[in-house]
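Accompanying notes for the structure given below.
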Amino acid sequence: MKERAPRIEVVGNANAVAERAAAFVIARMRDRQPINLGLATGATMTPLYARLVAATHAGLISFRAATSFNLDEYVGVAPQSPGSFHAYMQEHLFRHVDMPAERARIPDGMAIEVAAEAARYEAQIAAAGGIDLLLLGIGANGHIGFNEPGSDFASRTREIWLDEATRIANAGNFPDRVSVPRRAITMGIATILEARSILLIATGPEKAAAVAAAIDGPIGPACPASALRQHGNVDVLCDEPAAAALATRPRASNRRRA
Ligand code: GLP
């Protein structure tokens, strides 16, 4: 498939990335309602969600006509467990904004039939008309959602086994190593690529290698984020440390994002 390079913007630090990303999302939400959002979790997303909450409280945006689909959820972790992505999203976004609870959708990690739940979730995204704007972080190993290295670009929402590196990276949300989940349900790479627009944000030196592999490396399953170069409508927002290994240094920008 023809490569279609993402638009890359480098801003000074993580705070500036969150500001820029929030301006991007706010503009899109003010421009299009109802809107279907794809949402990620993780430390990178936290300051962005804080700004979306502030914008909602300031009356700049509303989630009343929004529907959201989270990228992933651990298998076997109860929604009320502090380590679950359900709990993360409640804490950082959902309980602070005016999106009806039934439209804040996350895979059910407690489903008995995990494969059936993955298929149901995939169908739910399609039935909603697909995703207008998908927010992505990136794992240090280049994963997007929980699509670990080796994930097929044709993959759909499914159960996956987490790489040890990912379990270690996410261990902070669990009381001990034993309780860090081994499995998750994740939107597949093909599911992600069907989003009409994608914003990937990356901050910190630990993401520099993954960002460089995604943007400059071979397009293939070794770096799941490299699939984004087949999409055609991707914006990548990095701080300087996360952009440090890029071959072609995009001009650091101080323009307001659209
Ligand atoms: C997890 C999530 C990803 C996220 C990644 C990076 O693996 N499944 O969606 O992008 O962590 O998280 P952080 O922003 O905390 O580095």
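See the values below:
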{"item": "Distance (nanometres) between label positions extended 7 Å along Cα→Cβ at ASP176 and ASP216", "result": "4.4"}
{"item": "Net charge dipole size for the chain [Lys, Arg +1 and Asp, Glu -1 on Cβ; Debye, nearest 20]", "result": "860"}
{"item": "Helix-only CD estimate at 222 nm, as mean residue ellipticity for the chain, using -39500 (n - 2.57) per DSSP H run (n ≥ 4)", "result": "-8500 deg cm²/dmol"}
{"item": "Förster radius 22 Å - calculated FRET efficiency between ALA140 and SER197 (Cβ-Cβ, nearest 0.05)", "result": "0.35"}
{"item": "Mean Cα-pair separation over length for the chain, i.e. relative contact order, pairs under 8 Å, 6 or more apart, %", "result": "28"}
{"item": "Two-site FRET efficiency, LEU60 against ALA5, from Cβ-Cβ distance with R₀ of 25 Å, rounded to 0.05", "result": "0.20"}
{"item": "Karplus 3J(HN,Hα) series, Hz, for the stretch 187-195 with 6.51 cos²θ - 1.76 cosθ + 1.60 (x for Gly, Pro)", "result": "3, x, 5, 5, 4, 4, 5, 7, 4"}
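Computed from the coordinates by the stated procedures, all read-outs in this text should not be read as laboratory data. For clarity, every value in this text was computed on a predicted model and none was experimentally measured. As a convention, Cβ positions derive from the backbone with ideal geometry for all residues, glycine included, and neighbour counts pool all protein chains shown.
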